Amino acid sequence: MADGFWCPHCETSRSLRILQSVDIGAAGNFDEVAIQSIECDRCGKRGMAIYEESRRGALDDESVAHTGYWLDRETAVHIGLLLSACQGGPRQNESGAELKKRYSGHFTAAPIAVAGKEGFPLEYR
């Protein structure tokens with residue numbers, strides 16, 4: 001993932017990067033959902049992002065939401081470990097199911113809780 005996004009914390013262009021991304025497939029009203037870990041190259045702020053895409057309706061009509069959430073260091077490490085476990089190894093399926101369960105629950109339970117946190121759009125500037 002070559003190009004970075006605008007970091008709203010340090011207000012720097014192309015510094016917010018996606019470190020890991022796991023596609024959890026269709027969920028709810030979305031045809032594609034990915035959970036991502038993010039970090040700013042400049043200020044070091046870490047977090048997670050949720051990419052949601054819906055291709056329902058007209059052929060040329062798709063809806064995309066790409067929202068980031070800042071996390072404390074411990075929570076950012078936890079989401080990173082969970083994403084890594086989803087990408088291979090003996091617990092891959094179990095970890096993927098856990099990630100999808102947390103997404104379905106809107107990430108309301110510790111240790112990965114973003115419910116009530118103000119999100120920000122991932123955008124290029």
- Message: Residues to consider are ILE50, ILE112, ILE38; find the one that is in contact (Cβ under 8 Å) with a residue 24 or more places away in the chain, assigned to a loop (DSSP other than H, G, I, E, B) and either of a type outside the set (Val, Ile, Thr) or buried (at least 16 other Cβ atoms within 10 Å of the Cβ) (or both).
- Response: ILE112
- In the range 1-34, what residues are surrounded by 13 or more Cβ atoms within 10 Å (Cβ to Cβ), in contact (Cβ under 8 Å) with a residue 24 or more places away in the chain and of a type in the set (D, E, K, R)? ARG14, ARG17, ASP31
- Task: Return the pairs, sorted by first residue and then second, in which the second residue is surrounded by 12 or more Cβ atoms within 10 Å (Cβ to Cβ) and at pLDDT 85 or above, the first residue lies in the range 83-103 and is of a type in the set (Ser, Thr, Tyr), the beta carbons are less than 8 Å apart, and the residues are 6+ apart or on different chains.
- Result: SER84/GLN20; SER95/LEU82; SER95/ALA85; SER95/CYS86; TYR103/ILE24; TYR103/VAL33; TYR103/ILE35; TYR103/ILE50
- Message: Residue under question is THR67, and the condition is that it be of a type in the set (Val, Ile, Thr), surrounded by 14 or more Cβ atoms within 10 Å (Cβ to Cβ), under 25 Å from ARG125 (Cα atoms) and touching a Pro at 6+ places or on another chain (Cβ under 8 Å); does it hold?
- Response: yes
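The values are calculated or read from the model by the stated rules, or taken from the named source; none is laboratory data. Source: prediction; values computed, not measured. Note that each Cβ is placed from the backbone with ideal geometry, even for glycine, and that neighbours are counted across all protein chains shown.
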